Amino acid sequence: MKTVLTAVMLVFSSLSGLTAAPRVVTDILPVQALVQQVLGDLGRVDVLVGQGGEPHEFALRPSQARALASADLVVQIGPALTPWLNRALPRLAPDASVVSLLDLPETTRLTLRTGPVFNGDSAATAVDPHAWLDPENALVWLDAIRKALSQADPDNADTYSANAAAAKATIETLKTQINAMVQPIRQVRFMVDHDAFQYFENRFGLHALASISDTEATTPGAARIRTLGQVLAAAPVACLFVEAGANQTLAQSLVAGTPTKIVEIDPLGSFLDHASYADLLLDLAQAIANCE
Ligand SMILES: [Zn+2]
């Protein structure tokens, strides 16, 4: 009898070692990429705002609501980027642990800039949510992701630690690469269509002059457009960076008759196929370097 019990217990304990990895749902592609690196081959991380999606305004599909309902862990930038998701979480994912990356104490947070012209005297106090474009934040977040996955699935904690360490090493190399890539355009005058790049600028010594729309991507009014026209006319602006996939009608009409060229950049990795976080930032740096 005792032998049988032991045998049964052995079967159960080996089965529990085979428990499925945590089911993780993320908000945007860069966060999905980071979590996927830590989860590795143990599972596939879901993303809500996938390719071509727009995080500032978004509607959940029924399949995504179901994914949230069965999630063990939700990793998101936070309510500043996706208030719609944060509102839905208590109802749609009542049992999931939620990690809000922007709210971690170690995260570098910058306050919103008030445009259209960035002259450093912003009166805003709210946090700019586009914090994934700072690789120092990615390093901090990899640790938080490792911790959350290990808590949900202690059996695989060693794997999560090794994967997170490898991902962090890649990001250290990435920082050096990007510094070299953007070096030639540190003195170049440029504008952006949507104020999403402050974290990247801050980390790599770039400075946008102005932005067509603010960080929440609202449509600019007539006064703002007039001011932008004055900026473009005052001194040559090399580039206007426009988010890939965005409507360029307004950007085109603003730069008409000026030497400013429109360059597409992709801060969400919307047009990359299963890109890693490093690929996403390198793609962005390359596009910015193209302004030279
Ligand atoms: Zn944005």
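Here are the criteria: (1) within 16 Å of the ligand (Cβ to nearest atom); (2) under 17 Å from Leu34 (Cα atoms); (3) of a type in the set (A, V, I, L, M, F, W, C). Tell me which single one Ala166 does not satisfy.
(1)
Given the structure, is Asp279 acidic (Asp, Glu), more than 16 Å from the ligand (Cβ to nearest atom) and either over 20 Å from Pro135 (Cβ atoms) or outside the structural domain of Leu133 (by TED's automatic domain parsing) (or both)?
Criteria met by Asp279.
Let's see how each residue does on (1) surrounded by 14 or more Cβ atoms within 10 Å (Cβ to Cβ); (2) under 17 Å from Gln151 (Cβ atoms):
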| site | (1), (2) |
| --- | --- |
| Pro22 | yes, yes |
| Val49 | yes, no |
| Ser70 | no, no |
| Ala80 | yes, no |
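Regarding region 68-83, can at least one residue be identified that is in a helix (DSSP H, G or I) and without any contact (Cβ under 8 Å) to a residue 40 or more places away in the chain?
There is at least one residue in region 68-83 that is in a helix (DSSP H, G or I) and without any contact (Cβ under 8 Å) to a residue 40 or more places away in the chain.
May I ask you to list the residues in region 215-235 that are within 16 Å of the ligand (Cβ to nearest atom) and either surrounded by 16 or more Cβ atoms within 10 Å (Cβ to Cβ) or over 29 Å from the mean Cα position of the chain (by Cα) (or both)?
Result: Thr215, Ala217, Pro220.
I'd like to check something: does region 262-283 contain any residue that is among the aliphatic types (A, V, I, L, M), crowded, with 19+ Cβ neighbours inside 10 Å and more than 19 Å from the chain's Cα centre (by Cα)?
no
Give region 141-158 a look and list any residue that's buried (at least 19 other Cβ atoms within 10 Å of the Cβ) and in a helix (DSSP H, G or I), or say none.
Answer for region 141-158, where residues must be buried (at least 19 other Cβ atoms within 10 Å of the Cβ) and in a helix (DSSP H, G or I): Trp141, Leu142, Ala144, Ile145, Arg146, Ala148, Leu149, Ser150, Asn156.
Going by the conditions given, is Thr176 at pLDDT 95 or above, closer than 24 Å to Thr108 by Cα, more than 15 Å from the chain's Cα centre (by Cα) and part of a helix (DSSP H, G or I)?
Judged against the criteria, Thr176 is a match.
What number of residues within region 114-149 satisfy the criterion of being closer than 18 Å to Phe200 by Cβ and over 18 Å from the mean Cα position of the chain (by Cα)?
4
What number of residues within region 179-207 are closer than 15 Å to Val255 by Cβ, under 21 Å from the mean Cα position of the chain (by Cα) and among the hydrophobic types (A, V, I, L, M, F, W, C)?
Counting residues in region 179-207 that are closer than 15 Å to Val255 by Cβ, under 21 Å from the mean Cα position of the chain (by Cα) and among the hydrophobic types (A, V, I, L, M, F, W, C) gives 2.
Kindly indicate the residue of region 94-110 that is buried (at least 19 other Cβ atoms within 10 Å of the Cβ) and of a type in the set (S, T, N, Q) and also farthest from Thr26 (Cα to Cα) among those meeting that condition.
Per the stated criteria, the residue is Thr107.
What number of residues within region 236-264 satisfy the criterion of being in contact (Cβ under 8 Å) with a residue 40 or more places away in the chain and within 15 Å of the ligand (Cβ to nearest atom)?
5
For region 111-139, name all the residues that are buried (at least 19 other Cβ atoms within 10 Å of the Cβ) and within 19 Å of Leu29 (Cβ to Cβ).
Asp128, Pro129, His130, Ala131, Trp132, Leu133, Asp134, Pro135, Asn137, Ala138
Could you figure out which of (1) more than 16 Å from the ligand (Cβ to nearest atom); (2) without any contact (Cβ under 8 Å) to a residue 60 or more places away in the chain; (3) assigned to a helix (DSSP H, G or I) isn't true of Gln187?
(3)
Among the numbered conditions (1) assigned to a loop (DSSP other than H, G, I, E, B); (2) over 14 Å from the mean Cα position of the chain (by Cα); (3) without any contact (Cβ under 8 Å) to a residue 40 or more places away in the chain; (4) within 21 Å of Leu149 (Cβ to Cβ), tell me where Thr107 comes up short.
Thr107 satisfies every listed condition except (2).
The values are calculated or read from the model by the stated rules, or taken from the named source; none is laboratory data. It should be emphasised that the depicted structure is a prediction, and the values quoted were computed from it without experimental measurement. Glycine also receives a Cβ, built like all others from the backbone with ideal geometry; neighbour counts cover every protein chain displayed.
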